[in-house]
Amino acid sequence: MPVLFALTNETSGTLSNLVFNSGLTTEDIASIRSLVIENRGVTLAEEKAWEYGQDALKALEKVKKSESRKILEKIVSSILETTRK
């Protein structure tokens with residue numbers, strides 16, 4: 001997902017050329033990583049993950065209270081905490 005977001009934001013075409021190159025080198029991969037970070041790919045993916053997590057918690061509110069629901073809520077909350085650090 002971070003690469004997809006970065007591809008949307010990066011306008012020079014450099015990232016696109018690297019990503020769709022069939023013979024990636026270690027240097028190419030390092031460049032892709034840098035471009036993804038520069039073009040907010042990771043940040044936008046984390047924001048989207050946060051949204052999905054919030055949606056999951058809202059959906060769980062509709063599930064009958066149970067030990068299973070409580071465990072799922074804890075899992076989602078734990079993931080959300082990790083995403084926000």
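The values are calculated or read from the model by the stated rules, or taken from the named source; none is laboratory data. Just so you know, these numbers come straight off a predicted model, no measurement behind them. With ideal geometry, Cβ positions are generated from the backbone for all residues, glycine too; neighbour counts draw on all protein chains shown.
Structural remarks
- From S16, S12, S34, residue being out of contact with any Ser or Thr (no Cβ under 6 Å at 6 or more places or on another chain) and surrounded by 14 or more Cβ atoms within 10 Å (Cβ to Cβ): S16
- Candidates in the stretch 19-31 are the residues that are in a loop (DSSP other than H, G, I, E, B) and of a type outside the set (F, W, Y); of these, the one that is surrounded by the most Cβ atoms within 10 Å (Cβ to Cβ) is L24.
- E81 being modelled with pLDDT under 95 and acidic (D, E): yes
- From the options S34, S77, S68, residue that is in the same structural domain as L7 (by TED's automatic domain parsing), polar (S, T, N, Q) and part of a helix (DSSP H, G or I): S34
- Taking the criterion of being under 13 Å from P2 (Cα atoms) and out of contact with any Pro (no Cβ under 7 Å at 6 or more places or on another chain), the residues of the stretch 17-43 that qualify are V19, I32, R33, S34, L35, I37, E38, N39, R40, T43.
- Selection of the stretch 1-18 for residues being assigned to a helix (DSSP H, G or I) and hydroxyl-bearing (S, T, Y) yields T8, T14, S16.
- Filter result for K48 (in a helix (DSSP H, G or I), surrounded by 10 or more Cβ atoms within 10 Å (Cβ to Cβ) and within 12 Å of the chain's Cα centre (by Cα)): yes
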